[in-house]
Amino acid sequence: MARILVIDDDPDTRAMLEQILKSAGYEVILAADGREGVERYRTSPADLVITDLYMPIQDGSETIRELRSCFPEVAIIAMSGRTDTGVMLSIAQHVSGVGILQKPFLTDELIAAVARALGGKSPTR
């Protein structure tokens with residue numbers, strides 16, 4: 001089963017993503033900020049990281065840079081709901097292998113982005 005680490009400071013967003021991804025057959029690990037997310041990844045590596053860009057303690061761009069530095073092969077999807085995310089999304093787009101999701105997104109868009117990030121792998125291996 002593909003494992004996905006979801007990093008988002010909003011508990012409702014984390015819960016929604018967990019529900020959708022588990023329903024689609026993925027194993028889900030949750031973290032409330034980038035620092036916690038990187039630590040969770042270190043102790044329990046995931047096949048994919050989905051991270052919000054704007055978070056307290058450690059934002060998404062810092063998290064992406066740290067993950068890429070330590071774990072260059074990890075698949076990442078960056079997401080944000082802010083209307084002023086052009087710069088942050090641009091940074092994420094220019095880092096190799098980072099997918100982009102603009103909130104709000106449809107369930108089908110999320111599942112399609114996850115499938116692309118995982119190289120078309122199904123939830124179960």
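Working with all protein chains in place, sort MET79, MET55, MET16 by solvent-accessible area computed with a 1.4 Å probe, largest first.
Numbers: MET79 0, MET55 20, MET16 80 Å².
Descending order: MET16, MET55, MET79.
Tell me the accessible surface of GLU36 in square angstrom (1.4 angstrom probe, heavy atoms of protein chains only), to the nearest ten.
60 Å²
If DNA, RNA and ligands are ignored and the probe is 1.4 Å, what is the ranking of THR13, THR43 by accessible area, most exposed first?
On the way: THR13 25, THR43 115 Å².
Largest accessible area first, the residues go THR43, THR13.
The values are calculated or read from the model by the stated rules, or taken from the named source; none is laboratory data. Every value quoted in this text rests on a predicted model; they were computed, and no experiment measured them. We work out accessible area using only protein heavy atoms, side chains counted, and drop any ligands, DNA or RNA first. Shrake-Rupley method; radii C 1.70, N 1.55, O 1.52, S 1.80 Å.
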